[in-house]
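Notes to accompany the following structure.
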Amino acid sequence: MATRREPTAGAPATVPRGRPRDADIDRRVLEATRHLLTTVGFEQTTVQSVSRRARVAASTIYRRWPSRIELIEEAVFPGFDEVTSAPSGDVRRDVRRFLQAYLAAFSHPAARGALPGLLAVYQTRGTSQLRREVFAATMRPRFLAVIAAAEPGTVDPAVCADDLLDLLIGAVMYKVFLEPLTPRAGAPDRTAELLDRVLAPPAKS
């Protein structure tokens with residue numbers, strides 16, 4: 001085993017390699033990305049256009065994000081803070097919290113500008129590692145924990161939590177992208193009520 005040597009008196013302290021990541025640069029780049037997605041759309045939101053707007057060198061952006069896809073993903077899906085807290089025990093309130101969080105995230109103008117393009121990319125390239133990590137860390141496992149924490153007798157045991165989350169996300173995507181094109185407008189509370197019905201245990205005979 002190698003013996004650790006203590007620094008001699010007067011010797012300079014060891015300096016960690018590299019410089020700490022500048023949070024201000026990250027903020028400017030992500031804000032510029034969201035602005036471009038909102039104003040010019042997915043196709044024109046390139047690393048070069050972000051570089052010009054943020055006044056950050058393209059090489060600096062590439063050191064932080066491997067491609068514009070990872071950059072756009074982080075800009076529009078920074079995390080779902082509202083749904084990462086511990087389950088409250090009130091399963092219906094927690095499900096509504098998920099619904100509101102997803103609606104807020106996907107309804108943001110930058111997300112609306114990004115999602116169609118990202119979905120097209122995923123069809124051809126598969127989801128990136130970052131997207132897999134985001135979905136794993138902040139969405140499905142948290143939702144499963146909420147359902148598992150429900151008080152006994154408050155959830156139909158036949159309900160599959162994975163299926164329920166699929167229904168919730170599908171409803172959100174419909175509301176964000178398709179409902180504005182139809183004459184019918186449904187309130188989020190109506191969606192929550194329908195999810196409540198799915199959760200409800202069967203009536204005792």
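The values are calculated or read from the model by the stated rules, or taken from the named source; none is laboratory data. Source: prediction; values computed, not measured. Glycine gets a Cβ as well: all are built from the backbone with ideal geometry, and neighbour counts include every protein chain shown.
General remarks:
- Cβ-Cβ under 6 Å pairs, at least 6 apart or on other chains, the stretch 160-184 side over 12 Å from ARG140 (Cα atoms), far side part of a helix (DSSP H, G or I): ALA171/THR191; VAL172/TYR102; VAL172/LEU103; VAL172/PHE106; VAL176/PHE106; VAL176/SER107
- Filtering the stretch 168-186 to residues that are surrounded by 10 or more Cβ atoms within 10 Å (Cβ to Cβ) and either at pLDDT 90 or above or touching an Asp or Glu at 6+ places or on another chain (Cβ under 8 Å) (or both) leaves only GLY186.
- Where helices (runs of 4 or more DSSP H) fall entirely within the stretch 23-78, those with at least 3 residues that are under 19 Å from the mean Cα position of the chain (by Cα) and not hydroxyl-bearing (Ser, Thr, Tyr) are at 23-39, 68-76.
- The stretch 35-64 - residue that is under 15 Å from GLY117 (Cβ atoms) and of a type in the set (Gly, Ala, Ser) and, of those, surrounded by the most Cβ atoms within 10 Å (Cβ to Cβ): SER49
- So ASP189, is it exposed (fewer than 13 other Cβ atoms within 10 Å of the Cβ) and closer than 16 Å to ARG97 by Cα: yes
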